[in-house]
Structure formats: C-alpha cells, structure tokens
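Q: Okay, here's the structure, questions in a sec.
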6 protein chains.
Amino acid sequence: MSQKLAIGKLAILLASLSEEELAGFRPALQEVKYCQGKVGSMNMQKVISAVETAAKRNELIQDHLYRETHSLYHAILEGIEGVTRGKPAIGEMSRTVGLRFAIVRGRPYNEPQEGEWIAVAFYGTIGAPVKGAEHETVGLGINHI
Amino acid sequence: MSQKLAIGKLAILLASLSEEELAGFRPALQEVKYCQGKVGSMNMQKVISAVETAAKRNELIQDHLYRETHSLYHAILEGIEGVTRGKPAIGEMSRTVGLRFAIVRGRPYNEPQEGEWIAVAFYGTIGAPVKGAEHETVGLGINHI
Amino acid sequence: MSQKLAIGKLAILLASLSEEELAGFRPALQEVKYCQGKVGSMNMQKVISAVETAAKRNELIQDHLYRETHSLYHAILEGIEGVTRGKPAIGEMSRTVGLRFAIVRGRPYNEPQEGEWIAVAFYGTIGAPVKGAEHETVGLGINHI
Amino acid sequence: MSQKLAIGKLAILLASLSEEELAGFRPALQEVKYCQGKVGSMNMQKVISAVETAAKRNELIQDHLYRETHSLYHAILEGIEGVTRGKPAIGEMSRTVGLRFAIVRGRPYNEPQEGEWIAVAFYGTIGAPVKGAEHETVGLGINHI
Amino acid sequence: MSQKLAIGKLAILLASLSEEELAGFRPALQEVKYCQGKVGSMNMQKVISAVETAAKRNELIQDHLYRETHSLYHAILEGIEGVTRGKPAIGEMSRTVGLRFAIVRGRPYNEPQEGEWIAVAFYGTIGAPVKGAEHETVGLGINHI
Amino acid sequence: MSQKLAIGKLAILLASLSEEELAGFRPALQEVKYCQGKVGSMNMQKVISAVETAAKRNELIQDHLYRETHSLYHAILEGIEGVTRGKPAIGEMSRTVGLRFAIVRGRPYNEPQEGEWIAVAFYGTIGAPVKGAEHETVGLGINHI
C-alpha cells in the first residue's frame, strides 16, 4: 500500500501557489484530474456549494452518483475543519473567509485495487469582516471515492 | 493592514516540499525566521512537545517568556485541528501520525505596529497503526506573538 | 440499580419500525408513556421545536416546569449529536434531514427512587438537499427527569 | 437514487434486538453481509479495534485494502459520536461502555452504480465505572465502501 | 419561573474568592448546601473523580442514586468545557490544571416544583506543565437534580 | 513568571457582582483597564459584536491594529465556549442568552516582559426562548495582547 502520488500535496499547492510557482509541478499534475476555484463568504453553505459546483462542472465527480457526492462532501468538511480550526462556523462566529480551493482526483497508491481517492484543499484568509483584519488559513480533506 | 509576507504559505511549503522544490522560495524565506522538524507518534503530547522543543532550540520563541509559549501553543493546537480534522486525538482514536512540521516567525503585515506573528504547519500522513494504511494530512495555525 | 426497562431501545424502535414491525413490542410499550413524530428540515431549530412541541402536546413533559423542559432539551441535543455525528449543524453544512422521532418517558430502573427518565430517539435520513442523495442516520439521548 | 434496503436500520436492530426479536427481520438480513460482536471498555481504542477485528475476521471488509479499512474506520468513528454524544472519549471522561455492535455491508440503493455501503451500529450502556450507574446509548455510522 | 437564588454565582464565588472576600456572601450561602475542594492534575479523570468524591463525602448528592450521580456528572463535564474551552482534554494536550472547585445544591427558582438544582464551578489555572507558564480559567455547569 | 494580578477573576467579578458587591474589589480594579457591558440575543454574532464594540469604544484595544482585534476575538470565543458548554451555537440550538460581560486588560505577571493580557468574562443566563426557562452560565477567555 505504499503511496506513489501525493494528491493532498498537489491539492495544497494548486490552492496556494501562483501559476508561475506551479510550473515545476506540472509533470505530477498530469497524472491526476484536478480543478481550481475561488470563494469568499461569511456563509459556510456557500463555501461548500462552490466546491461541489466546481467538482461537478469540471467532471471531477459523477454528478448523478450519490456515492461520489458523499465522498466529496466529507472531503470538503474535513478541509473546512482545517480552515476553521475546531469551530466549523464562519458568519455565526463573526468571521469571513476568502479562499482559493483545489480538487484533485487520482490514484495515490501503487496497488490498483486501492482505486481512486479525492483531495480537497483550501488556502486563503480568515478574519473579521473588515478589510485586512485577517490571517492565512489552510485545510485539506481526503477520501476514497 | 495589507499583508506583504505569507508566513502561513511559507510554513506549509517548508513542511511539505523537498529541499529541491523549495529552491524557488529561498528569497522569501530570507525575510523570516524558521525551523523544520519531524515527529511520528500515536501520542498527541509528543507531537506538541516536538514542536515546542524545536521552537525553543532554534530560538523561534523566547523560552523564558510564557507570553511566547502561550502564542506558540495555540498555533500548534490550531495546526493539529487541521491534521486531526475535528477530533483532536490520535492514539485514543486508534490512529497514528507521521508528520513533518515547520515553524515560521515573521512580520506578515505592512504596518510595523502589527508586529511579529508565528505560523506552525504540519504535513504528513495519518492512518491506522499499520504501515501504508494512511493518507495525507495538513494543518496550519497562526497567532500573533 | 439494575435496569428493568430499556426506554432507549423502545424509543429507537418507535422511531425506526413500521406499525406492523412494532407489534411484538406492544407489551413493553404499555409500561411507558410515549409519542412519535416527524420532521424534515435544514434548520436545527425546527427539529428541536418539533420534538419539544410533540412532547408538550402529548403531555410527555409538564409544560410549565423548566426542570422538565431542561431535561428534554438536553436529551434532544444528545440525540442530535448522533444524527449529525460530531458537527451539530444541518443547513449551515449544506445538508438536510428527514427524521421520524419518538419520546419515551418511564422508569428504567428497579429502584423506585431512581424515578423517571426520558429518551429521545431519531431515525431517518441525512444528506444533500437533493432527493435521494442521502443515507440513514440515528440518534438517542437519555436524561433523568 | 431511491433506497431499497435500510442497512442502517438493520445494523441497529442487529445490535439491539434479541435473537428472538430479530426473527421477523431474517428475510431482509439475507440480502446483506453482516456480523455482530460485543465490547466493554473504558478505552476507545479497544472499542475501535473490536469492531475492526470482527469486520476482518468475518470478511466484511478486505483486510489488505486500505480503501476498505478507511471506509470502515470512518463509519466506526461516526457510530462512536452517537455513543459518546459530542465528546468522543470514554475513560478520560471517567466513564465506561458496554456495547453490542453490528456491521452490515450491502447495496442500499436501486442503482447498481451506487455500489456497496457499510453500516456500523452500537447499542448498549454508558456510565460511571460502577455497576448499574449507567444508561442506554446508541450510535450509527454509514459510509460508501 | 423567576430565579430567586443564583446557585451558579455562589459556586463561582466559592471557587474563586478567599475566605475573607466571601464574608459578605455568607447570608446567601446559608440557603444552600455546598462544599469546596482542590485538584491539580494533567488527568481529566482525576479532576472528575475529585469533584465526585467531594460531593459524596459532603453529602451533596445521594451516593446510591444513579439519578443524582448522573446529574452531577453532566454538571462537572459542562464546567470542564469552560475550563478547557472547546477541547475537553488536559494531559493529551500537554497542559495541566490547578483548580479550586465548589459544588452548590439548592432551589434557584421561586416555584417549589422546580425543585433542586446543582452547580459545579471551577476556578484556577491552566497551562504548560512548567511552573508559572499558565493563566486563569473558569468553568460552570448547572443541572436539575 | 508568578502571577500578581488575577485579571480573569476581576473580569468574572465585574460580570457577575452588583456595584455594591464590587466595592471591596475597587483597589485591585485600579491596577487594570476595564469596561462592562450587556447583551441579550439568540445570535452569536451579536454577542461577539457587542463585546468588540465595547472594547473599541472604551479603548480597551487599539481599533486599527489587527493584532489586538485578533487577541480579543480569541478571548471572546474562549469565553463563549464556557457560556455554551461545548456547542458554540445559540439560536441554531433554539436557545437564547442574557449576558453581562466585562473586559479587563492588564499585566498579570511580575516580569515586565510578559506584557499585557486581556480577559473577557460573561455571566448571565442561557435557556429556552421563553421567559424564566433558563439557568445561569459563565465563561472566561484569556489571551496575550
């Protein structure tokens, strides 16, 4: 069960690096399916929806299968745990997020039977709903799909 | 209060990239103090201690000031929230972690009065206490110091 | 302090079985007070209200006593922990529930001094706000009253 | 994506009913793979291990696939959330559990592509480490596998 | 249901004030049953036990009734939530507590039917297992009994 | 690092005592900056805002520094953990709070280098959105500033 492909690391890099900084990682990115997106909100539901919509539009998951929706949903929630660090709320806690996100789908393990996995990464800022009153935040969720 | 230096991103990169991959980020790293370390354990207390010890040994914090210990401690705990995604336990939950970590101390904001902040990042694996039965995990905590 | 009556089990069965399936449990149900209800919502407050209203309307608790409201409220919250599994939110997390619930009040212990206890059980589905994209969920809360 | 088989309900019934009470549910049980077990402990790790061991011994999951271990692990943790209601700890919180559990693997949805899912249910008691000072508790976790 | 006696406030004062500072509150204390204690530990179970033992020894609860043990237990856990602020762990989180506590039992409401309630308060320090590297902490739990 | 001034205790007393009861604590209050306020709401965001606004209006923090806003914000959230005891939600959980609060800023430690710290205390009631159906609650958060 050794890992050959770090889909989580790729997701984090896709979410946090500039196009230029990503250049060196293009070869590894060719081995996975991925998409990137952005969302800024005080509303957690909007953050979740933004990732789900991007995943469906870019065919990272099969829209009509609950199985895949379920896998993605839990990966998103795990990523949000990192972003919100223990209190999965944004607006209710009087804070706002400005996030870039990336979804990566691939085969991280050598054994073909381990199949596909999905990684959802967030990188951006969290803070008071006042411009500049914010600091960085990161989250990563991974699930079998 | 605009941000000039992404200490969180630097910490994540220090924790997840190889020496070679880090080459392009050396200029930015010159503007901060940082250290790197490794810890593998089923015991959360050991993970916390490993980071605290590295921070003190590398003079990222002033050992004799509780103020700085307190700041670092909360940054570590926030990073662990991302690693453990909502259930801050490892061994009690029958799982183990193998982590690289980085601590970055610097001045992320343009205003000199915003002073120094500290970032603690983790990157590695979490999983069953069986070789290979694990996936990637990431965490980031940030605090004013 | 040995238990003679499993009010929690009865509550779970009342919430999850059909009328027909419940037939064999009618004798045990004669030893307790109970009521059943249904609620579907993305709003946790509505779920809580539905149970509280059913309890009052069916005289499972004495409406004018805060003591009994307090006991029921904590039993409901504990049941919701099982339903939501660690993140007590529904709509904010972009998910919806369709639940049957049951409230059982009785004397589970042999010792008369142990008095009355209340059980609140939920059974139904939780999932995306899309028909069919959901799986089963269960929760049980128990409190002294 | 309509549901044809309630694997969660079957798991709860397997964990909470007597052999005799289960009689009426035998036909439905023929459509799934399942096993039952028991565990009493103040140690969460032992509870998790007991379920994992039963799943492997009874071939509910393929031991050598991390993918299946991962799916089961998260289903167990979700079940434990219901059992412990919001504070996933037992001994550290000075309480002990005596649980029966059941694992059910099957195809809950009509669409063949939705594939197999796994349900882990717990039923038993939680309380002070003193005989009789305890009340009932229930938990259910469900995951795609 | 108006409140006539603030058992929570009395518990907090008993836990945090010196004998001398408490002088002015003696009349109110005559209307309730209470006891005080101390506990220092990295082990949550010891903190819980210390309060339970004090409650039994001072006859704040009836030892042989699970009903009363159950009520006290949940009041203790709620108090610990305040002390640990969101992560109910001490040693696992590499921190230690030094606490004074008080248990107050009385009738806070005007209506006789509201009966007795119990309050558990903690006041002291929480911090690194290093002398002086700590700050104050407070917690209060209240339950019907 | 011994403590000379209990800013947490002062905050709790400011939040819970009457003017008259506070008389004996006036000398200690002269050594710190503080303010008091009140807020009643089912909306957590309003509770947070009330404290932030009071802190700024009374110059307990420097409004234009994110550093100080960040420190205060985390102290508020920690205080709310005590108030809500493990589930940082109010209205979503169908409950309401009526709180007095106090913010204290001072130098709790003997060593001048330990600098200033901030304490946020809450005292009041939490309960159903029905007059009188409520009990007392307390919370305290402390942070370096």
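Q: Tell me which residues, restricted to the stretch F:19-40, are under 16 Å from the mean Cα position of the chain (by Cα) and outside any helix (DSSP H, G or I). I'd like the intermediate steps shown before the answer.
A: Kept after step one, since they are under 16 Å from the mean Cα position of the chain (by Cα), are these residues of the stretch F:19-40: F:29, F:32-40.
F:VAL32, F:LYS33, F:TYR34, F:CYS35, F:GLN36, F:GLY37, F:LYS38, F:VAL39, F:GLY40, listed by residue number.
Q: Kindly indicate whether F:GLU78 is open to solvent by 20 Å² or more (accessible area, probe 1.4 Å), part of a helix (DSSP H, G or I) and closer than 19 Å to A:GLY86 by Cα. Explain how you work it out, then say what you get.
A: Working: open to solvent by 20 Å² or more (accessible area, probe 1.4 Å): yes; part of a helix (DSSP H, G or I): yes; closer than 19 Å to A:GLY86 by Cα: yes.
Spelling it out, F:GLU78 is indeed open to solvent by 20 Å² or more (accessible area, probe 1.4 Å), part of a helix (DSSP H, G or I) and closer than 19 Å to A:GLY86 by Cα.
Q: Across the stretch F:48-65, which residue is surrounded by the fewest Cβ atoms within 10 Å (Cβ to Cβ) among those that are more than 16 Å from F:ILE145 (Cβ to Cβ) and among the β-branched types (Val, Ile, Thr)?
A: In the first step, residues of the stretch F:48-65 are kept if they are more than 16 Å from F:ILE145 (Cβ to Cβ); the result is F:48-50, F:53, F:57.
Going one step further and asking which of them are among the β-branched types (Val, Ile, Thr), we end up with F:48, F:53.
Values: F:ILE48: 23, F:THR53: 12.
Taking the candidates together, the pick is F:THR53.
Q: Could you tell me which of the residues B:GLU92, B:GLU78, B:GLU59, B:GLU31 is within 14 Å of chain A (Cβ to nearest Cβ) and of a type in the set (Asp, Glu)? Can you show your working first?
A: Details: B:GLU92 fails: within 14 Å of chain A (Cβ to nearest Cβ); B:GLU59 fails: within 14 Å of chain A (Cβ to nearest Cβ); B:GLU31 fails: within 14 Å of chain A (Cβ to nearest Cβ).
It is B:GLU78.
Q: Out of all the residues in the stretch F:105-114, which are open to solvent by 10 Å² or more (accessible area, probe 1.4 Å) and assigned to a loop (DSSP other than H, G, I, E, B)?
A: Within the stretch F:105-114, the subset open to solvent by 10 Å² or more (accessible area, probe 1.4 Å) is F:105, F:107, F:110-113.
Answer for the stretch F:105-114, where residues must be open to solvent by 10 Å² or more (accessible area, probe 1.4 Å) and assigned to a loop (DSSP other than H, G, I, E, B): F:ARG107, F:ASN110, F:GLU111.
Q: Name every residue in the stretch F:121-145 that is within 20 Å of B:ALA75 (Cβ to Cβ) and among the aliphatic types (A, V, I, L, M), in order of residue number.
A: Within the stretch F:121-145, the first condition is being within 20 Å of B:ALA75 (Cβ to Cβ), and the residues that meet it are F:141-145.
Of everything in the stretch F:121-145, those that are within 20 Å of B:ALA75 (Cβ to Cβ) and among the aliphatic types (A, V, I, L, M) turn out to be F:ILE142, F:ILE145.
Q: Yes or no: A:GLU92 open to solvent by 20 Å² or more (accessible area, probe 1.4 Å) and farther than 27 Å from B:ILE80 by Cβ? Before you say what the answer is, go through the steps one by one.
A: Numbers: open to solvent by 20 Å² or more (accessible area, probe 1.4 Å): yes; farther than 27 Å from B:ILE80 by Cβ: no.
When the stated conditions are applied, A:GLU92 does not pass them.
Q: For E:ALA89, work out the one condition from (1) modelled with pLDDT of 95 or more; (2) of a type in the set (A, V, I, L, M, F, W, C); (3) out of contact with any Ser or Thr (no Cβ under 8 Å at 6 or more places or on another chain) it doesn't fulfil.
A: (1)
Q: Would you point out the residue of the stretch A:118-140, among those that are at the interface with chain B (Cβ under 7 Å from one of its Cβ atoms) and closer than 26 Å to A:LEU65 by Cα, that is surrounded by the most Cβ atoms within 10 Å (Cβ to Cβ)?
A: Residue satisfying both the conditions and the ranking: A:LEU140.
Q: Within the stretch F:51-62, identify whether any single residue is assigned to a helix (DSSP H, G or I), among the small types (Gly, Ala, Ser) and within 15 Å of the chain's Cα centre (by Cα), and answer yes or no. It would help to see each step written out before you state the result.
A: Let us first name the residues in the stretch F:51-62 that are assigned to a helix (DSSP H, G or I), namely F:51-57.
With the extra rule that they be among the small types (Gly, Ala, Ser), the set shrinks to F:54-55.
Right, trim to within 15 Å of the chain's Cα centre (by Cα) and you get F:54-55.
There is at least one residue in the stretch F:51-62 that is assigned to a helix (DSSP H, G or I), among the small types (Gly, Ala, Ser) and within 15 Å of the chain's Cα centre (by Cα).
Q: Does E:MET42 satisfy the condition of being away from chain F (no Cβ under 11 Å), free of Cβ contacts under 8 Å to residues at least 40 places away in the same chain and closer than 30 Å to A:ARG85 by Cβ? I'd like the intermediate steps shown before the answer.
A: Values: away from chain F (no Cβ under 11 Å): yes; free of Cβ contacts under 8 Å to residues at least 40 places away in the same chain: no; closer than 30 Å to A:ARG85 by Cβ: yes.
Judged against the criteria, E:MET42 is not a match.
Q: Please find, among A:GLU52, A:GLU20, the residue that is facing another protein chain (nearest Cβ under 10 Å), within 26 Å of B:ILE7 (Cα to Cα) and among the acidic types (Asp, Glu).
A: A:GLU20
Q: Within the stretch E:66-80, work out how many residues are touching a helix residue (DSSP H, G or I) at 6+ places or on another chain (Cβ under 6 Å) and of a type in the set (A, V, I, L, M).
A: Looking only at that region, the number is 2.
Q: Still on this structure, please answer the following. Before we move on, is A:VAL83 under 30 Å from F:GLY91 (Cα atoms) and either crowded, with 21+ Cβ neighbours inside 10 Å or touching a helix residue (DSSP H, G or I) at 6+ places or on another chain (Cβ under 8 Å) (or both)? Working first, answer last.
A: On the way: under 30 Å from F:GLY91 (Cα atoms): yes; either crowded, with 21+ Cβ neighbours inside 10 Å or touching a helix residue (DSSP H, G or I) at 6+ places or on another chain (Cβ under 8 Å) (or both): yes.
Answer is yes for this residue.
Q: State whether one or more residues within the stretch F:60-75 are free of Cβ contacts under 8 Å to residues at least 60 places away in the same chain, closer than 30 Å to F:ALA133 by Cβ and out of contact with any Gly (no Cβ under 8 Å at 6 or more places or on another chain).
A: no
Q: Quick check on this structure: which one of A:VAL83, A:VAL130, A:VAL120 is in a strand (DSSP E or B) and either over 19 Å from B:ALA11 (Cβ atoms) or β-branched (Val, Ile, Thr) (or both)?
A: Numbers: A:VAL83 fails: in a strand (DSSP E or B); A:VAL130 fails: in a strand (DSSP E or B).
From the options A:VAL83, A:VAL130, A:VAL120, the qualifying one is A:VAL120.
Q: What do you reckon, is E:GLY98 within 8 Å of another protein chain (Cβ to nearest Cβ) and small (Gly, Ala, Ser)?
A: Numbers: within 8 Å of another protein chain (Cβ to nearest Cβ): no; small (Gly, Ala, Ser): yes.
Considered against the rule, which asks whether it is within 8 Å of another protein chain (Cβ to nearest Cβ) and small (Gly, Ala, Ser), E:GLY98 comes out as no.
Q: Filter the stretch D:34-47 for residues that are out of contact with any Asp or Glu (no Cβ under 6 Å at 6 or more places or on another chain) and surrounded by 23 or more Cβ atoms within 10 Å (Cβ to Cβ) and give the result.
A: D:VAL47
Q: A follow-up question, please. Scan the stretch C:99-145 for residues that are out of contact with any helix residue (DSSP H, G or I) (no Cβ under 7 Å at 6 or more places or on another chain), basic (Lys, Arg) and under 18 Å from D:GLN3 (Cα atoms) and jot them down.
A: Scanning the stretch C:99-145 gives a single hit, C:LYS131.
Q: Quickly run through the stretch C:101-117 and pick out the residues that are in contact with an Asp or Glu (Cβ under 8 Å, 6 or more places away or on another chain) and either of a type in the set (Phe, Trp, Tyr) or within 9 Å of another protein chain (Cβ to nearest Cβ) (or both).
A: Of all residues in the stretch C:101-117, those in contact with an Asp or Glu (Cβ under 8 Å, 6 or more places away or on another chain) come to C:105-108.
C:PRO108, the sole residue that qualifies.
Q: If you take the residues of the stretch A:1-18 that are among the small types (Gly, Ala, Ser) and part of a helix (DSSP H, G or I), which of them is surrounded by the most Cβ atoms within 10 Å (Cβ to Cβ)?
A: Applying the first criterion (among the small types (Gly, Ala, Ser)) to the stretch A:1-18 yields A:2, A:6, A:8, A:11, A:15-16, A:18.
Applying the additional criterion that residues be part of a helix (DSSP H, G or I) yields A:8, A:11, A:15-16.
Numbers: A:GLY8: 26, A:ALA11: 32, A:ALA15: 27, A:SER16: 23.
Step by step, filter the stretch A:1-18, then rank; the result is A:ALA11.
Q: Just a yes or no: is a residue in the stretch C:66-75 hydroxyl-bearing (Ser, Thr, Tyr), in contact with a strand residue (DSSP E or B) (Cβ under 8 Å, 6 or more places away or on another chain) and within 11 Å of chain D (Cβ to nearest Cβ)? Spell out the reasoning first.
A: Taking the stretch C:66-75 as the starting set, the residues that turn out to be hydroxyl-bearing (Ser, Thr, Tyr) are C:66, C:69, C:71, C:73.
Applying the additional criterion that residues be in contact with a strand residue (DSSP E or B) (Cβ under 8 Å, 6 or more places away or on another chain) yields C:66, C:71.
Among the residues that remain, those that are also within 11 Å of chain D (Cβ to nearest Cβ) are: none.
No, the stretch C:66-75 contains no residue that is hydroxyl-bearing (Ser, Thr, Tyr), in contact with a strand residue (DSSP E or B) (Cβ under 8 Å, 6 or more places away or on another chain) and within 11 Å of chain D (Cβ to nearest Cβ).
Q: In the list F:GLU21, F:GLU31, F:GLU68, which residue meets the criterion of being within 30 Å of B:ASN110 (Cβ to Cβ) and open to solvent by 10 Å² or more (accessible area, probe 1.4 Å)? Full working, then the answer.
A: Values: F:GLU21 fails: within 30 Å of B:ASN110 (Cβ to Cβ); F:GLU31 fails: within 30 Å of B:ASN110 (Cβ to Cβ).
Step by step, each of F:GLU21, F:GLU31, F:GLU68 is checked, and only F:GLU68 is within 30 Å of B:ASN110 (Cβ to Cβ) and open to solvent by 10 Å² or more (accessible area, probe 1.4 Å).
The values are calculated or read from the model by the stated rules, or taken from the named source; none is laboratory data. Model, not experiment: these values are computed from the prediction. Glycine gets a Cβ as well: all are built from the backbone with ideal geometry, and neighbour counts include every protein chain shown. Heads up: the accessible areas ignore ligands, DNA and RNA and are worked out on the full protein's heavy atoms, side chains in. Shrake-Rupley method; radii C 1.70, N 1.55, O 1.52, S 1.80 Å.
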